Amino acid sequence: MYDRALQAVAKAALEPESEAVFEPNSYGFRPGRSCHDAIKQIKNCIQGKAKFVLDADIAKCFDRINPLLQKLNIKGKVRQQIKAWLKSGVIDSGAFTATSEGTPQGGVISPLLANIALHGLEEKLKQYAETLPLKKNKGTLSKDLRRTSLAFIRYADDFVVFHKDKAVVQRCREIISEWLAGIGLELKPEKTRLTHTP
């Protein structure tokens, strides 16, 4: 109970600053956002035009989020406490398991830490979208229109990527895999698939 209360205090201290910078299409476990908001955004993306979609899940996201310490813009006791939580171990069904990284999925602060760890992935994909050679009737699309041609929607460690071009979605998968590898994570193969909207 003491640890849960302490995590709630740390979350209350960290969440406002994080919420101010989090990416627009991140919906999981954030104040004022829900699963229904993510579903509505997905519906808006596919409404009126069929697209290719990468439906993906991050393997053991909560178990391997130690690199997020590099992303935390804090020092001192709060940072030390979060580091301790990431290495504290887990009790499951009365049995203790030692851990050297990660956070329990049911922990009070765990969803916030996962969102901090995954912050930046949407922007990485939008930067790639800016380079796409998309054309309209006369000339090429503006940088903003190219960015919006690609949609990325994330709910915790699950996400979807939409685009009309299959090759673009396949390249996004490669970019995501490289980005995740940089923070010690990877896609879960059995829950990652490339498909097409009806």
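Counted by Cβ distance under 11 Å from GLY107, the other residues give a net charge of +1, where Lys and Arg count +1 and Asp and Glu count -1. Please give the residues of region 144-179, grouped as numeric ranges, whose backbone N is less than 18 Å from a label point set 7 Å along the Cα-to-Cβ vector of ALA59. So the set is 157-159, 173-179.
Mean residue ellipticity, 222 nm, helices only, the chain: the sum of -39500 (n - 2.57) across DSSP H runs of n ≥ 4, divided by residue count and rounded to 500, is -13000 deg cm²/dmol. Two tests apply to each whole DSSP H helix in the chain, Cα reach of 27 Å or more along its axis and mean Kyte-Doolittle hydropathy of at least -1.0, and the ones passing both are 2-21. Label-to-label distance for GLN127 and ARG193 is 3.2 nm, based on points extended 7 Å past Cα in the beta-carbon direction.
Note on SER177/VAL21: beta-carbon distance plugged into 1/(1 + (r/R0)^6) with R0 of 30 Å gives a FRET efficiency of 0.80.
Stokes-Einstein, applied to the Kirkwood radius of the chain over Cα pairs at a viscosity of 1.002 mPa s and 20 °C, places its translational diffusion at 118 µm² s⁻¹. Highest mean packing first, where packing is the average number of other Cβ atoms within 10 Å per residue, the peptides 30-41, 108-119 line up as 108-119, 30-41. The modelled label-to-label distance for the pair THR97/LYS77, using points 7 Å beyond Cα in the direction of Cβ, is 3.2 nm.
Per the Kirkwood formula applied to alpha carbons, region 113-183 shows a radius of gyration over Rh ratio, Rg over Rh, of 1.01. Separation of the alpha carbons by more than 26 angstrom is noted, of LYS40/LYS75; LYS51/LYS143; LYS71/LYS188; LYS43/LYS71; LYS71/LYS166, for LYS40/LYS75; LYS43/LYS71; LYS71/LYS166.
A short reminder: the numbers here are calculations on the coordinates, not readings from a lab. Treat the numbers as computed from the prediction; the structure is a model and nothing was measured. Neighbour counts run over all protein chains shown; Cβ positions are idealised from the backbone, glycine included.
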